[in-house]
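Scroll down for the structure; my scribbles are underneath it.
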Amino acid sequence: MSLENVFQHSSELRAEICKDLSEKQTQRAMIWMNLQDTLNRGDFAAMDAFFHDDFSYGNPSRPDLGSYASWKTSPMELYKRFPPSAYRTKAVAGANDDEVWVYCHHTGKHTGGPYMGKPPEGKEISVEWFSSVSFKGDKIVRIFSIADVLSMLIQIDVVDPAVLPVDPYK
């Protein structure tokens, strides 16, 4: 399924997201949003051009995804298991000329295959996350992410919200 029209970062949205960034930070943010638009199309061969050979990935929830080869499998599998899988950048802040901080949103529908042992039941996912994205030249060299994976697992019934404490200090 082609997802080109599910979500794209329009020029107006890009301008709004980047309005407080320097020229170099805006260039970095544009690379990031171009990558997301590429992922939304499912063009996994084209995504390789966005990444530096020295790429590394960090995420406490996914310590298995440190290299580019291992990390690339994650958006590919999410695309297959949660179509239409759409990534959006909601906000960008500039740390410096070679690092931007991005606040993002991923949506999809669990129809394409099992996830965490749970068969697809057509439930929608909505996951927000934050990433620090570092660049070497015009290529992404490092991503460190913190994602709301717990909400996703609740949304597709992998985790029962009734077993979660309302106040974890009681």
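Some values worked out for this structure:
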read-out: Dipole in debye (nearest 20) - the chain, about Cα centre, beta carbon charges: Lys, Arg +1; Asp, Glu -1; value: 220
read-out: Percent RCO, i.e. relative contact order, over segment 1-153, from Cα pairs under 8 Å lying at least 6 residues apart; value: 24
read-out: Potential lengthening between LYS80 and SER56 on full extension [0.36 nm per residue; Cα-Cα distance subtracted]; value: 6.3 nm
read-out: Packing-based ranking, highest mean first, of 99-111, 153-165 given that Cβ atoms within 10 Å are counted; value: 99-111, 153-165
read-out: Segment 74-153: relative contact order in percent, alpha carbon pairs under 8 Å with at least 6 residues between; value: 25
read-out: Label-point gap, in nm, between LYS90 and VAL158 - each point 7 angstrom along Cα→Cβ; value: 2.0
read-out: Structure-derived volume of the Cα convex hull per residue in Å³: which label, when the choices are (i) 125; (ii) 134; (iii) 111; value: (ii)
read-out: Mean ellipticity per residue at 222 nm, deg cm²/dmol - from DSSP H runs of n ≥ 4 across the chain, formula -39500 (n - 2.57); value: -9000 deg cm²/dmol
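Values in this text are rule-based calculations from the coordinates and carry no lab data. Values in this document were obtained by computation on a predicted structure and should not be read as measured data. Note that we place each Cβ from the backbone using ideal geometry, even for glycine, and neighbour counts take in every protein chain shown.
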